[in-house]
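Chemist: First the structure, which I've put down as structure tokens, then a few questions once you've had a look.
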Amino acid sequence: MLYRGKPDQVSYGEAIGIILLENYVPFIPGDVANATSYNFPVRFQRVPGFTVERIFAHDMSLVDALIRAALDLEGNGVRAITGDCGFMALYQKAIKAAVSVPVCMSSLSQIAFMRTMLGKGEKIGIITANSESLDDQVLGAAGIASGPDLVIAGLEKADHFVSAVFREEGELDSERIKAEVVAVAKAMTRSHTDIGLILLECSLLPPYAAAVRESTGLPVFDYLTMIHQLYDAVVPRSYSGYL
């Protein structure tokens, strides 16, 4: 097989490009920003100045910087682009318009798919980093209409999550955060017994999906379920076997 190089490309084989916030948190295995979360190579691209505070404030002045990051990822050969915060839905259309590869910036995009699975009267529970910032603007940017079938609960009052993620104090105790996430999930499902599915919006939460599933008995979707589906679409598996 003959391979041809691409101008200015210095590494190859990274199918998924991930645009990162400038967020100084220990990204543990299972986090979107930890390379060991994947069984395939990924390429990370941090955007300086793209802070948690700015995305929670829906700062649209960052669009040009995000487009530059996406173009750099595309130029380095990725087959699809995503992000590491569900609130990046705000930049989905602008980024997609700038590149030719598939773009899916937000875990929230799975809600449309999840809605097809709901039984009569059932709801989707969304656990988010910040329920005060997850509003109709963000949902609309993800192509999601708000409605009575969406129940949103946040971690903005969870002590250790706030200290590790919002205040970036440099330490993350995964057992403490797991307990906080599970507590939110249990409270949400107790208050809304008609919840049939759960979505973990935040890119730091996939490590706790199994614990949420165990504590609630419900199917759990998260950022990694989306990224793995995206990967399978742009790098389809070749099958071999026998009858």
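The values are calculated or read from the model by the stated rules, or taken from the named source; none is laboratory data. What you are looking at is a predicted structure, and each value in this text was computed from that prediction instead of being measured. So basically every Cβ, Gly included, is an ideal-geometry build from the backbone, and we count neighbours across all protein chains shown. Keep in mind that these areas ignore ligands, DNA and RNA; they rest on the heavy atoms of the full protein, side chains included. Shrake-Rupley method; radii C 1.70, N 1.55, O 1.52, S 1.80 Å.
Chemist: Take the range 209-243 and flag every residue that is in contact with a Lys or Arg (Cβ under 8 Å, 6 or more places away or on another chain) and of a type in the set (Gly, Ala, Ser).
Modeler: Once the filter is applied, which keeps residues that are in contact with a Lys or Arg (Cβ under 8 Å, 6 or more places away or on another chain) and of a type in the set (Gly, Ala, Ser), the range 209-243 yields 211, 215.
Chemist: Right, something else. Of the residues that sit in the range 201-221 and are assigned to a helix (DSSP H, G or I) and open to solvent by 30 Å² or more (accessible area, probe 1.4 Å), which one is farthest from residue 171 (Cα to Cα)?
Modeler: In this case the residue turns out to be 216.
Chemist: Against the condition farther than 22 Å from residue 237 by Cα, acidic (Asp, Glu) and crowded, with 18+ Cβ neighbours inside 10 Å, how does residue 59 come out, does it pass?
Modeler: Working: farther than 22 Å from residue 237 by Cα: yes; acidic (Asp, Glu): yes; crowded, with 18+ Cβ neighbours inside 10 Å: no.
No; evaluated as a whole, the condition is false for this residue.
Chemist: Of the conditions (1) modelled with pLDDT of 95 or more; (2) of a type outside the set (D, E, K, R); (3) open to solvent by 30 Å² or more (accessible area, probe 1.4 Å); (4) more than 23 Å from residue 103 (Cβ to Cβ), residue 170 fails just one. Which one is it?
Modeler: (1)
Chemist: Sticking with this structure for a sec: Restricting to the range 69-121, and then to whatever is among the polar types (S, T, N, Q) and closer than 21 Å to residue 49 by Cα, can you tell me which residue is most open to solvent (accessible area, probe 1.4 Å)?
Modeler: Checking each candidate, the answer is 92.
Chemist: May I pose another question? Going by the structure shown, is residue 30 small (Gly, Ala, Ser), under 23 Å from residue 206 (Cβ atoms) and in contact with a strand residue (DSSP E or B) (Cβ under 6 Å, 6 or more places away or on another chain)? Before you say what the answer is, go through the steps one by one.
Modeler: Values: small (Gly, Ala, Ser): yes; under 23 Å from residue 206 (Cβ atoms): yes; in contact with a strand residue (DSSP E or B) (Cβ under 6 Å, 6 or more places away or on another chain): no.
So residue 30 fails the test.
Chemist: Within the bounds of the range 47-54, is there any residue that is over 30 Å from residue 170 (Cβ atoms), of a type outside the set (Gly, Ala, Ser), surrounded by fewer than 20 Cβ atoms within 10 Å (Cβ to Cβ) and in contact (Cβ under 8 Å) with a residue 12 or more places away in the chain?
Modeler: No, the range 47-54 contains no residue that is over 30 Å from residue 170 (Cβ atoms), of a type outside the set (Gly, Ala, Ser), surrounded by fewer than 20 Cβ atoms within 10 Å (Cβ to Cβ) and in contact (Cβ under 8 Å) with a residue 12 or more places away in the chain.
Chemist: Just give me the residues in the range 158-182 being without any contact (Cβ under 8 Å) to a residue 12 or more places away in the chain and either assigned to a helix (DSSP H, G or I) or polar (S, T, N, Q) (or both), in sequence order. Show your work before the answer.
Modeler: Residues of the range 158-182 without any contact (Cβ under 8 Å) to a residue 12 or more places away in the chain: 162-163, 167, 169, 175, 179.
Across the range 158-182, the qualifying residues are 162, 163, 175, 179.
Chemist: Out of all the residues in the range 143-157, is one or more open to solvent by 10 Å² or more (accessible area, probe 1.4 Å) and in a helix (DSSP H, G or I)?
Modeler: Within the range 143-157, none of the residues are open to solvent by 10 Å² or more (accessible area, probe 1.4 Å) and in a helix (DSSP H, G or I).
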